[in-house]
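What follows is a short report on a single structure.
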Amino acid sequence: MTMTISNVGVVGAGQMGCGIAQVSAAAGYKVIMYDLAKERIEAGLATINGNLARQVASGKMSDDARKAALDRISGTTDINDMASLDLVIEAATEDESVKRKIFAQLCPVLKPEALLATNTSSLSITRLASATDRPERFMGIHFMNPVPVMKLVELVRGIATEEETFSTAKAFVTTLDKTITVAEDFPAFIVNRILLPMINEAIYTLYEGVGSVEAIDTAMKLGANHPMGPLQLADFIGLDTCLSIMQVLHDGLADSKYRPCPLLVKYVEAGWLGRKSGRGFYDYR
Ligand code: CAA
């Protein structure tokens, strides 16, 4: 059995939240995007508009489809507007206490049968589920960045996730024209379990002076055929997110091979978070 999803809520208007809102609206769902600040919603809607316009310019979407997708997305700073939604995907910052606070505010507002999902890239689905009133209707739906371009979505069940929740999420993600992979509820699941230690190792390679930023990125782009070098990718993901994923791996798997590189820690402490803050391994100012 799968439930019918016709409208979707997204919590967080950052790069992941906007991407999820965009692909959901493009697939025909009505979408409400919630964030605390009106400015973040406005900036998010502008980003979505720009991305859709690029798709029109490259002939991948008609202008009518762009307008219809935009009309299906609305933004709000009032959590009560999420009351009638069938599925809500939390895409807030990768911080467990922030996510717990959101669930505490959101759950009493949602209709009882609504599904709740998290886009967490590393945290335990079972533990996050315990902060909701609906562990059986809760799971991980993990999109990759940039959401409109990346084909993969990881689906992760918590210990209490019901089969109907999983099959509904699977059907929903399939309508977004994404490919699904199923991961068990282990720290950082599959993609980030493999990708982040590689990025962390690239930062160690810089830290130990094995190569410059450019040398490391060129080596991996041309030597391993990666679309972006690992340091450029770290800036793109956000260095704070990279650090928090490494910390989850280090704490959860208790193996020193996951120790975050001290240079990564230092950059985050400096507020050098990559592309979003204007400075990381590269300068974007
Ligand atoms: N948002 C939306 N669309 C974007 C985009 C963005 N941020 N960046 C690029 N695109 C689109 C472009 O519009 C373009 O679309 P068209 O073909 O319709 O014109 C297409 O993507 C290709 O873009 P470009 O030609 O400008 O650039 P590119 O060929 O260098 O590709 C890239 C850009 C797709 C980002 C590519 O560099 C890439 O695949 N990088 C690796 C991305 C990656 O590894 N992501 C996973 C990160 S890990 C993760 O997400 C998990 C986590 O939890 C941390």
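Residue-wise test of (1) surrounded by fewer than 17 Cβ atoms within 10 Å (Cβ to Cβ); (2) out of contact with any Asp or Glu (no Cβ under 9 Å at 6 or more places or on another chain); (3) not aromatic (F, W, Y).
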| site | (1), (2), (3) |
| --- | --- |
| S121 | no, no, yes |
| I141 | no, no, yes |
| V149 | yes, yes, yes |
| T181 | yes, no, yes |
| R193 | no, yes, yes |
| I199 | no, yes, yes |
| I203 | no, yes, yes |
Single residue of segment 7-43 satisfying the filter (within 16 Å of L87 (Cα to Cα) and part of a loop (DSSP other than H, G, I, E, B)) that is nearest to the ligand (Cβ to nearest atom): G12
Among the candidates N192, N145, residue that is part of a loop (DSSP other than H, G, I, E, B) and within 16 Å of the ligand (Cβ to nearest atom): N145
Verdict on G28 being touching a residue at least 24 places away in the same chain (Cβ under 8 Å), out of contact with any helix residue (DSSP H, G or I) (no Cβ under 7 Å at 6 or more places or on another chain) and within 21 Å of S6 (Cα to Cα): yes
Count - residues of segment 207-239 that are within 27 Å of the chain's Cα centre (by Cα), under 18 Å from V268 (Cα atoms) and either among the β-branched types (V, I, T) or surrounded by fewer than 21 Cβ atoms within 10 Å (Cβ to Cβ) (or both): 3
Helices (runs of 4 or more DSSP H) within segment 206-285 that include 2 or more residues farther than 19 Å from P146 by Cα, at pLDDT 95 or above and not small (G, A, S): 213-223, 239-253, 262-269
Subset of segment 109-138 (residues that are outside any helix (DSSP H, G or I) and within 16 Å of the ligand (Cβ to nearest atom)): A117, T118, N119, T120, S121, S122, L123, S124
Residue pairs meeting the criteria (Cβ under 8 Å; at least 6 apart or on separate chains; first touching a residue at least 12 places away in the same chain (Cβ under 8 Å) and closer than 18 Å to V98 by Cα, in segment 9-24; second within 12 Å of the ligand (Cβ to nearest atom) and among the basic types (K, R)): Q15/K276
Qualifying residue in segment 37-54 (condition: surrounded by fewer than 24 Cβ atoms within 10 Å (Cβ to Cβ), closer than 15 Å to L176 by Cα, in contact with a strand residue (DSSP E or B) (Cβ under 8 Å, 6 or more places away or on another chain) and touching a residue at least 12 places away in the same chain (Cβ under 8 Å)): no
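The values are calculated or read from the model by the stated rules, or taken from the named source; none is laboratory data. Every value quoted in this text rests on a predicted model; they were computed, and no experiment measured them. Neighbour counts are summed over all protein chains in view; Cβ atoms, including those assigned to glycine, are modelled from backbone coordinates with ideal geometry.
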